[in-house]
Structures are given as structure tokens and as C-alpha cells.
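Presented below is the structure to which this report refers.
Please treat every number below as a calculation from the coordinates, not as lab data. Just so we're clear, the structure is a prediction, and the values are computed from it rather than from any experiment. As a convention, Cβ positions derive from the backbone with ideal geometry for all residues, glycine included, and neighbour counts pool all protein chains shown.
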Amino acid sequence: MLKKLFPLLLATGLALPALAQEASVKKAVEAKLGTPVTSVTKSGYLGLYEVYFDGQIIYTDEKVSAILAGNLIDTKSMTSVTEERLKKLNAIKFSDLPLNQAVKHVRGNGKRLIAIFEDPNCGYCKRLAKDMVKLDDVTLYIFLYPILSEDSIKKARQIWCSADQAKAWSDWMVNGKAPTGKDDCDTTAIINNQEMGRKLRITGTPTLFFADGERVGGAIPLNRIEQKLNSIK
């Protein structure tokens, strides 16, 4: 196996010392922080290594003598290298989402896709829901993700058990009309959403996923959502 691996590494331009150094940095950071590290790569700036774990990025030198947390800015473009990298590292494959576990809203031709993890008692989610009413030609997949309270779980179950889930969701989130129906139907989807959210490291709501896999946390302005949707081919 090693005989086959060495020529492949050389052919792809990956030097063995570099891989060994990345492994060394990974081991040292894990020991210092006490948490598993997903990946270590050269950042291309100041000899620093990019260390990715738990959905975030930090930087360190080859000896792990210091750790830098925060945005790394490219002074030529004045853009955040960290943010661009996180977009790629935290992206998902949209088609892998179990859309049957979501409340589905279709507006217009429904061609533009967004998946959103939301808690029914989240104020930012309600603000986003009111903005989303203004979007056209979009399909929204709302993954009920009650993480704030027991009442959130009850409301999520009532909405899921409604004959018209999309209407029940909009009535509550947009119009403030609380669900009053039963919550004793099969709500396995909500439990599955909670498990999926933990795996995706979703710790706050709303969390949006666009069709290209990009993740965005928080109730971002509607114009940013429109720009993003229009940029996806």
C-alpha cells in the first residue's frame, strides 16, 4: 500500500514532510484544546496553518506556540479569507437533506430553493418569516428545530400534526395565531431534525442552507437572500 501511495503523493505535488507537519500540528492542537480537529492545512499567509474544528477556524504556527482566533484578512482584496473558507468547509450537499422532514412552502414557480432550521419561539425566525413572505418563485423547506424550550417542542408538534402544515406555520410565525390542534401524530420527523441539527452543528436559529450548499446563520436581510438566490445558477 505504501509503495502505491508514495508515487501518488509525489505526482500530486504533496510533499511527505508537509503532510507530516500538518499531522503534527493536528495532534498538538487536539492535545492543547482537548477537542478533535477535522483538518489542518497551510493557510498561505505568514506561514500559518488553518485549523478547522467544530465549525470554526483558528490559526497557528508549525510549533503551535501561539493560536490566533478571528478573521484573517487578505490586504490585496480586503476580504476575509476566514469567511470564504468557512463557507466552503461548512457547506452541505443540498440534495442530501431529508426534505420529507420539512414543512414545505411553494411560492410562484418554486424554482429557487432554501432550507431553514427554525424554532417556533425564535424571535429572529419570526422576523425572517415575515420577510420571506415577500419572496417569489421560491420553495422553502422549514425544518422544525425546537431547541429553546418545552413550549417550542409542543408548538412544533402541533404545527407538524396540522392538516395544513404550511398554513399553521405561517399563522403562528407571521400572524401570531398560535396553533391549537393536537400534537399526538407521528412526530418522528422533529426528533430526526434535532439529531440532524446536532450533526450539522446547528446551535442557533434560524440557520439557512441555499441550493449550492452554503450555510448562513441568522435572520439576514431580504436583499442579501435575493442576491444569493439570484447568484445560484
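On a per residue basis, the convex hull of the C-alpha atoms belonging to the chain measures out at 179 Å³.
Restricting the calculation to Cα atoms, every distinct pair contributes to the Kirkwood radius of segment 22-128, found to be 16.9 Å. In order along segment 181-198, the phi-based Karplus estimate (6.51 cos²θ - 1.76 cosθ + 1.60, θ = phi - 60°) of 3J(HN,Hα) comes to x, 6, 10, 9, 7, 6, 10, 4, 4, 5, 4, 5, 4, 5, 5, 5, x, 5 Hz; Gly and Pro are listed as x. Within the straight-line cut-off of under 23 Å between alpha carbons, the lysines reachable from K32 are K42, K63, sequence neighbours fewer than 8 places apart in one chain being disregarded. Each residue of segment 138-147 was assigned a 3J(HN,Hα) from its phi angle through the Karplus curve 6.51 cos²θ - 1.76 cosθ + 1.60 (θ = phi - 60°); the sequence is 9, 10, 9, 10, 8, 8, 5, 9, x, 10 Hz, with glycine and proline shown as x.
Relative to the longest principal axis of the chain, what angle (0 to 90°, nearest 10) does the C-alpha long axis of helix 150-161 take? The angle comes out at about 70 degrees. Students often get this wrong, so check it: of K26/K76; K104/K130; K111/K228; K130/K167; K134/K155; K111/K155, which have C-alpha atoms separated by over 18 Å? Listed pairs above 18 Å: K26/K76; K134/K155; K111/K155.
When C125, C161 are arranged by Cβ crowding within 10 Å, least crowded first, meaning fewest neighbours, the order is C161, C125.
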